[in-house]
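Trainee: This is the structure I have questions about; it appears just below.
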Amino acid sequence: MEDKIEITIAYYTQKGKNIIDTVNTKNNLTPDEIIHYGEEMAAIEYKLTALEIAKEN
């Protein structure tokens, strides 16, 4: 079970890095795009937190 959690943590970590890279490379983000990427990052961070807690238990 721990292997699946580790794989999932790595997946969501990479997904978060991809979003950050996308935001950092764009010069002309609209407010709607900023909100969208922020919501995606919030969801990813929530999932990562839950996975870390599950890993500890």
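Trainee: Answer with a single label: of [x] 1.46; [y] 0.98; [z] 1.10, which was calculated as Rg/Rh (Cα atoms, Kirkwood Rh) from the structure in view?
Mentor: Looking at Rg/Rh (Cα atoms, Kirkwood Rh) for this model, the match is [z].
Trainee: Tally Lys and Arg at +1 and Asp and Glu at -1 over the other residues with C-beta under 14 Å from the C-beta of Asp32: what net charge comes out?
Mentor: Here the charged neighbours net out to -2.
Trainee: Tell me, what is the percent relative contact order of the chain, built from C-alpha pairs under 8 Å that lie six or more residues apart?
Mentor: Relative contact order comes out at 57 percent.
Trainee: I want to check the label-to-label distance for Leu29 and Tyr11. Put each point 7 Å from Cα in the C-beta direction and report it in nm to one decimal.
Mentor: Spacing of the two 7 Å Cα→Cβ label points: 2.5 nm.
Trainee: If you line up the long axis of helix 2-25 against the longest principal axis of the chain, both from Cα atoms, how many degrees apart are they, to the nearest 10?
Mentor: It works out to around 10 degrees.
Trainee: May I pose another question? For helix 31-56, what angle does its Cα long axis make with the longest principal axis of the chain, in degrees from 0 to 90 and rounded to 10?
Mentor: The angle comes out at about 10 degrees.
Trainee: Also: Among Lys17, Lys47, Lys26, determine the one that fluctuates most according to a GNM of the chain built with springs between C-alpha atoms less than 10 Å apart.
Mentor: Evaluated over the chain, the most mobile residue of the options is Lys26.
A short reminder: the numbers here are calculations on the coordinates, not readings from a lab. Remember, predicted model here, so these are calculated numbers, not experimental data. Because the Cβ atoms are built from the backbone with ideal geometry, glycine has one as well, and the counts that use them run over all protein chains shown.
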